[in-house]
Amino acid sequence: MRLEPFIAVRYLFARRQKSVVTVISWVSLIGLTVSTAALIAVLSVYNGIGKITQDLFSTFDPELVIEPAEGKTLHTTEIDYRGLCETEGVEQVSQLVDEMAWVTYGSNQAIVTLRGVDEVYRSLTGLDTLRSFSGIYLLRQETPEGDEPIHYLLGGNARVIGFADPKITSGTKGETLKDTILMVSNYADVIVMRHYIEGAAQYASEVAPIPIVNAGDGAHQHPSQCMLDLYSIYKTQGTLENLNIYMVGDLKYGRTVHSLLMAMRHFNPTFHFVAPKELAMPKEYKIYCDEHGIKYTEHTAFNEKVISDADILYMTRVQKERFSDLMEYERVKNVYILNNDMLRLAKPNMKILHPLPRVNEIAYEVDDNPHAYYIQQAGNGLFAREAIFCDVLGISLDEVRNDKTIIP
């Protein structure tokens with residue numbers, strides 16, 4: 001035995017009383033042993049995880065891919081198409097096949113629906129002139145897709161173009177909004193635009209050679225939503241005059257309530273702003289009410305007594321994406337929730353509106369309540385946006401009535 005290990009062993013295992021140095025030595029030896037064992041275990045596990053990860057990636061991105069040489073074969077249900085065509089009232093029958101697909105273009109990927117159609121489909125829909133839809137530059141998607149079916153119903157003769165995600169535009173390369181608008185104008189008759197910056201739609205309308213439909217600009221305005229709101233109010237109340245309109249929830253960032261407030265100034269409304277202090281109606285809109293003689297009252301309480309005199313109860317969601325402080329969002333997100341018990345004192349004509357989507361501000365039990373109108377309200381958006389497109393494209397009512405390509 002070498003001299004150094006011999007001295008260490010004799011010192012550590014000596015029968016005399018243990019010293020501080022002996023205790024420290026034992027602690028160091030135990031610590032070294034445990035850390036070595038832990039390192040061995042971690043390296044072993046890491047080696048196993050590496051193998052699992054490699055196998056996982058091989059599953060999703062295999063080195064060898066087998067694909068059908070002649071495309072995918074779909075087996076359709078046997079249908080008597082000739083019998084359908086001979087049915088009274090049926091002029092044409094078109095065959096369609098829908099299939100979900102994963103599409104890759106450059107670095108962009110998306111799940112889409114591919115539709116296989118026959119020649120009859122083109123003559124029925126006018127899709128030979130169809131391009132694309134929705135707004136541009138807003139990551140969230142709400143109502144812009146509402147413009148899509150309208151284009152079908154108008155016969156598909158106009159080109160309405162847009163982008164649901166800014167990542168697929170040249171804006172990611174530094175292109176200015178002006179250049180984007182001018183470029184898109186070369187391919188479209190109308191641009192339906194949603195932008196995260198207030199005033200962007202106004203700016204776009206000043207530089208674009210074609211009409212711009214504002215589908216929302218930040219927390220500022222939402223005029224197209226306002227049109228369907230006005231139609232919904234008129235349809236349910238028979239008038240726009242002298243109504244008590246209660247706006248509830250996010251009145252600070254809710255652009256739909258801002259647009260509705262300004263539009264109703266012509267009809268002598270009385271507004272009730274129901275919101276926590278953090279989400280109260282901005283000062284500039286209250287000044288607007290004062291300047292135009294619009295009566296309004298502010299509330300922080302939300303109960304059946306407060307809303308008992310409402311003709312229209314306009315609910316809004318608390319918009320998480322507008323908050324820079326998530327703690328503030330957590331404090332106010334569930335402050336106002338409407339349920340059936342709160343509607344016991346409601347006026348018979350009162351209707352509940354909501355620009356949608358809702359989160360939890362309206363309980364699902366309210367959906368079956370006769371006061372609920374928000375689903376029908378969304379349906380009214382079809383007619384309002386049809387009117388907007390016709391107006392900006394210069395399409396008269398007579399032209400619409402005489403166009404045989406329009407779906408009745």
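For segment 253-274, which positions are within 14 Å of TYR314 (Cα to Cα) and in contact (Cβ under 8 Å) with a residue 60 or more places away in the chain? Scanning segment 253-274 gives GLY254, THR256, VAL274. Inside segment 229-256, residues that are under 24 Å from VAL392 (Cα atoms) and over 18 Å from the mean Cα position of the chain (by Cα) make up a count of 7. In segment 255-323, counting only strands (runs of 3 or more DSSP E) that sit wholly within it, the ones holding 3 or more residues that are buried (at least 18 other Cβ atoms within 10 Å of the Cβ) span 270-274, 312-315.
Report whether or not LYS235 is surrounded by fewer than 23 Cβ atoms within 10 Å (Cβ to Cβ), in contact (Cβ under 8 Å) with a residue 60 or more places away in the chain and of a type in the set (Lys, Arg). For LYS235, the condition - surrounded by fewer than 23 Cβ atoms within 10 Å (Cβ to Cβ), in contact (Cβ under 8 Å) with a residue 60 or more places away in the chain and of a type in the set (Lys, Arg) - is met. For segment 336-355, taking the residues that are crowded, with 18+ Cβ neighbours inside 10 Å and part of a loop (DSSP other than H, G, I, E, B), the one that is modelled with the lowest pLDDT is identified as TYR336. Only residues that are among the charged types (D, E, K, R), surrounded by fewer than 15 Cβ atoms within 10 Å (Cβ to Cβ) and farther than 19 Å from VAL213 by Cβ were counted in segment 361-398, giving 4. Considering only residues in segment 360-408 that are among the basic types (Lys, Arg) and either under 26 Å from GLN237 (Cβ atoms) or part of a helix (DSSP H, G or I) (or both), the one that is modelled with the highest pLDDT turns out to be ARG385.
Within segment 222-259, track down each residue that is farther than 23 Å from LYS351 by Cβ and of a type outside the set (Ser, Thr, Tyr). Break it down stepwise before answering.
Of segment 222-259, the ones farther than 23 Å from LYS351 by Cβ are 252-253.
LYS252, the sole residue that qualifies.
Of all residue pairs spaced 6 or more apart or on separate chains, those with beta-carbon atoms under 9 Å, a first member in segment 276-293 that is under 14 Å from VAL318 (Cβ atoms) and a second member that is assigned to a helix (DSSP H, G or I) and among the β-branched types (Val, Ile, Thr) are PRO276/VAL332; GLU278/VAL332; LEU279/VAL332.
Could you say whether any residue in segment 203-226 is of a type in the set (Phe, Trp, Tyr) and touching a Lys or Arg at 6+ places or on another chain (Cβ under 7 Å)? Looking through segment 203-226, none of the residues is of a type in the set (Phe, Trp, Tyr) and touching a Lys or Arg at 6+ places or on another chain (Cβ under 7 Å).
Look through segment 181-222, keep the residues that are of a type in the set (Gly, Ala, Ser), more than 20 Å from GLN319 (Cα to Cα) and out of contact with any Asp or Glu (no Cβ under 6 Å at 6 or more places or on another chain), and return whichever of them is surrounded by the most Cβ atoms within 10 Å (Cβ to Cβ). So, considering only residues that are of a type in the set (Gly, Ala, Ser), more than 20 Å from GLN319 (Cα to Cα) and out of contact with any Asp or Glu (no Cβ under 6 Å at 6 or more places or on another chain), the one surrounded by the most Cβ atoms within 10 Å (Cβ to Cβ) is ALA204.
The values are calculated or read from the model by the stated rules, or taken from the named source; none is laboratory data. Predicted, not measured: the structure shown is a model, and the values here were computed from it. Please note: Cβ atoms are built from the backbone with ideal geometry, for glycine as well, and neighbour counts cover all protein chains shown.
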